[in-house]
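Following: one structure in structure tokens, then a few remarks.
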Amino acid sequence: MRLIVLVFVSVFTISAFAQQPEPALPEAPQPAARQPSAARDVRWDAVEELVPGESIELRDRVNGVRTGCLLDYVNDAALACRVADSGRSFRRVVYPHAGIDRVWVTRLVPGPSGKALLIGAGIGALVGGLAARSGGAGGVGLGILFGGGLGSGFVAMSDPLGLRMHNQRVLIYVARRA
């Protein structure tokens with residue numbers, strides 16, 4: 001009985017701690033309002049809202065090469081970032097807005113990743129298929145389906161509070177096709 005009470009108290013304490021609001025940051029200066037322009041690319045606004053130092057990945061429009069870098073600054077005309085050079089040094093590269101095809105950012109999101117769910121489903125399907133192999137083709141098929149569902153469900157429920165985090169790459173900008 002003490003163990004059950006201890007588990008409930010621990011779960012409620014952890015969930016209360018996880019729900020506390022983050023401390024407020026000091027007010028940052030707001031950028032000046034922009035003048036509307038017919039040639040302005042409104043999809044670029046998502047890139048302009050990125051914070052310097054954020055890790056991004058972009059694809060060059062000319063040769064299609066993907067580059068990962070740390071953002072230095074961005075404006076209507078260009079994006080500058082630091083690319084890892086040989087060793088521990090960085091070099092600054094400036095990309096003109098017209099030369100960028102796509103921009104991705106990496107966000108930290110809660111819960112199991114899709115890869116973990118697929119691995120759990122695969123292991124569950126294997127165990128389910130092996131357990132039901134004496135039941136004929138129909139039994140094995142049902143064992144695989146049932147085991148795969150249980151395996152992925154087990155992985156999804158292994159973190160009910162959403163404390164496990166994983167990286168997810170998010171596409172925030174796609175250039176207009178000429």
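A few comments on the model shown:
Every residue, every condition in (1) closer than 15 Å to VAL174 by Cα; (2) at pLDDT 90 or above, yes or no:
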residue: MET1; (1), (2): no, no
residue: ALA16; (1), (2): no, no
residue: ALA24; (1), (2): no, no
residue: PRO29; (1), (2): no, no
residue: ASP41; (1), (2): yes, no
residue: ASP72; (1), (2): no, yes
residue: VAL94; (1), (2): no, yes
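- Filtered by the rule that a residue be loosely packed, with under 14 Cβ neighbours inside 10 Å and in contact with a helix residue (DSSP H, G or I) (Cβ under 7 Å, 6 or more places away or on another chain), segment 91-117 gives no residues.
- Cβ-Cβ contacts under 7 Å between residues 6 or more apart (or on different chains), taken from a first residue in segment 118-137 that is surrounded by fewer than 15 Cβ atoms within 10 Å (Cβ to Cβ) to a second residue that is aliphatic (A, V, I, L, M), are listed as ARG133/VAL140.
- Reported count of residues in segment 78-90, each being out of contact with any Phe, Trp or Tyr (no Cβ under 9 Å at 6 or more places or on another chain) and either surrounded by 14 or more Cβ atoms within 10 Å (Cβ to Cβ) or at pLDDT 90 or above (or both), is 1.
- Considering segment 67-178, the qualifying strands (runs of 3 or more DSSP E), each wholly inside and each with 2 or more residues that are farther than 30 Å from ASP41 by Cα, run over 165-174.
- Long-range neighbours under 9 Å by Cβ, at least six apart or interchain, first residue within 14 Å of GLY64 (Cα to Cα) within segment 94-106, second part of a helix (DSSP H, G or I) and of a type outside the set (Phe, Trp, Tyr): ILE100/VAL47; VAL103/ALA46; VAL103/VAL47
The values are calculated or read from the model by the stated rules, or taken from the named source; none is laboratory data. Keep in mind that this is a model prediction, so the values were computed, not measured. Don't worry about glycine lacking a Cβ; one is built from the backbone with ideal geometry, like all the others, and counts go over all protein chains shown.
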